[in-house]
1. Using the structure shown, decide if residue 317 is within 30 Å of residue 85 (Cα to Cα), open to solvent by 30 Å² or more (accessible area, probe 1.4 Å) and aliphatic (A, V, I, L, M).
2. I need the helices (runs of 4 or more DSSP H) fully contained in region 1-88, keeping only those with at least 2 residues that are modelled with pLDDT of 85 or more.
3. Tell me which residues, restricted to region 64-108, are open to solvent by less than 40 Å² (accessible area, probe 1.4 Å), within 26 Å of the chain's Cα centre (by Cα) and not polar (S, T, N, Q).
4. Between a first residue in region 113-132 that is without any contact (Cβ under 8 Å) to a residue 24 or more places away in the chain and a second residue that is open to solvent by less than 50 Å² (accessible area, probe 1.4 Å), which pairs have beta carbons less than 7 Å apart while being 6 or more apart in sequence or on different chains?
5. Would you call residue 189 open to solvent by 50 Å² or more (accessible area, probe 1.4 Å) and over 28 Å from residue 319 (Cβ atoms)?
6. Restricting attention to region 258-278, report how many residues are outside any loop (DSSP other than H, G, I, E, B), touching a residue at least 60 places away in the same chain (Cβ under 8 Å) and not hydrophobic (A, V, I, L, M, F, W, C).
7. Look at region 299-313 and say how many of its residues are free of Cβ contacts under 8 Å to residues at least 24 places away in the same chain and either surrounded by fewer than 22 Cβ atoms within 10 Å (Cβ to Cβ) or among the hydroxyl-bearing types (Ser, Thr, Tyr) (or both).
Amino acid sequence: MDLPSDSRTAVAPAPAVATARDERRRARRSRRYRWDVRFSPYALIAPFFLFFVAFGLFPLLYTGWASLHRVELGAPTDMEWVGLRNFSRLLDDDFFWNALRNTFTIGLISTVPQLLMALGLAHLLNYRLRGSMFFRVAILTPYATSVAAATLVFVLMFSRTDHGLINWGLGLVGIDAVDWQNGDWTAQLAVSAIVIWRWTGYNALIYLAAMQAIPHDLYESAALDGASRRQQFLHVTVPSLRPTILFTCVVSTIGATQLFGEPLLFSQGASPTGGSDHQFQTLGLYLYEQGWFNQHLGRASAIAWTMFLILVLIGLLNWAVGRWIRKSA
């Protein structure tokens, strides 16, 4: 039976207008997808660069500009151009050279034992120990501890009275109490002890991660050749860790150059002088003293840029040594 004419009209194909609309919709979706693929990564990393420009690049450039002027903390907008005078005054400043020398000695005293201890701890944790996860978390605990809390505990330990834990232990073996805060080397040793305690576990975990990436076949080959555990450590582990050791040396040196919290809180009354005779005043403390106590922002900016240039030299040295290691390998 034939269908009515109106029924045949109802089942006719969709109009061409609807098809064109669908094509435009698909084109818009395709265009949005291409934009999303192209620009989404930039949108995700944009917050980092915005914060870097606001809190990193701008302060760096403004500090460099301020270092070329005479500017005081009470009137930061009143600048008088002095050129490189703030830098030249540092060359004749005995306190600056004292702070630079203290920074170097404290950094050396704290970095070398710290990295050696970290390497030994990582070597122990690299073996299958019962409860190894607990020990890995435990050695990282000092790093997570507040600088203020850790330093105040060490101040009590290094107290110059007989009530201090260190002097109490020395008294047990017949050694007189030591005035840790007012001595030259003793104060620097005490500050270095705080740095060693806080950062040894952090570096140990870095070494441990690098050790676990060493192919086990190297140890098996060394064992077949008759190498002991000690010889395997010296001739397999240490050479394989040379890039990691270089990295930790550079990072520790940078941290020592910027040392601030530990010596500040170790001094009585949190004084920026670094002791009664500036015996453990670092560059960070000297910058703080010039800028926020003496209110010479221009001089403080010059000190900051001097520290920055020192870190640049350390970075160039790292690049040169790393290139030499890659060539020798």
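The values are calculated or read from the model by the stated rules, or taken from the named source; none is laboratory data. In this text, all values refer to a predicted model and were calculated from it rather than measured experimentally. Neighbour counts run over all protein chains shown; Cβ positions are idealised from the backbone, glycine included. In case anyone asks, the SASA skips ligands and DNA or RNA and just uses the protein heavy atoms, side chains included. Shrake-Rupley method; radii C 1.70, N 1.55, O 1.52, S 1.80 Å.
1. yes
2. 16-52, 58-66
3. Across region 64-108, the qualifying residues are 64, 66, 96, 99, 106, 107.
4. As it stands, the answer is 132/125, since those pairs meet every condition given.
5. yes
6. Residues flagged as outside any loop (DSSP other than H, G, I, E, B), touching a residue at least 60 places away in the same chain (Cβ under 8 Å) and not hydrophobic (A, V, I, L, M, F, W, C) within region 258-278 amount to 4.
7. Residues in region 299-313 being free of Cβ contacts under 8 Å to residues at least 24 places away in the same chain and either surrounded by fewer than 22 Cβ atoms within 10 Å (Cβ to Cβ) or among the hydroxyl-bearing types (Ser, Thr, Tyr) (or both): 3 in total.
Each row is one residue, and each column tells you yes or no for (1) assigned to a loop (DSSP other than H, G, I, E, B); (2) of a type in the set (S, T, N, Q); (3) under 27 Å from residue 187 (Cα atoms).
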position: 249; (1), (2), (3): no, no, yes
position: 256; (1), (2), (3): no, no, yes
position: 285; (1), (2), (3): no, no, yes
position: 288; (1), (2), (3): no, no, yes
position: 301; (1), (2), (3): no, yes, no
position: 312; (1), (2), (3): no, no, no
position: 315; (1), (2), (3): no, no, no
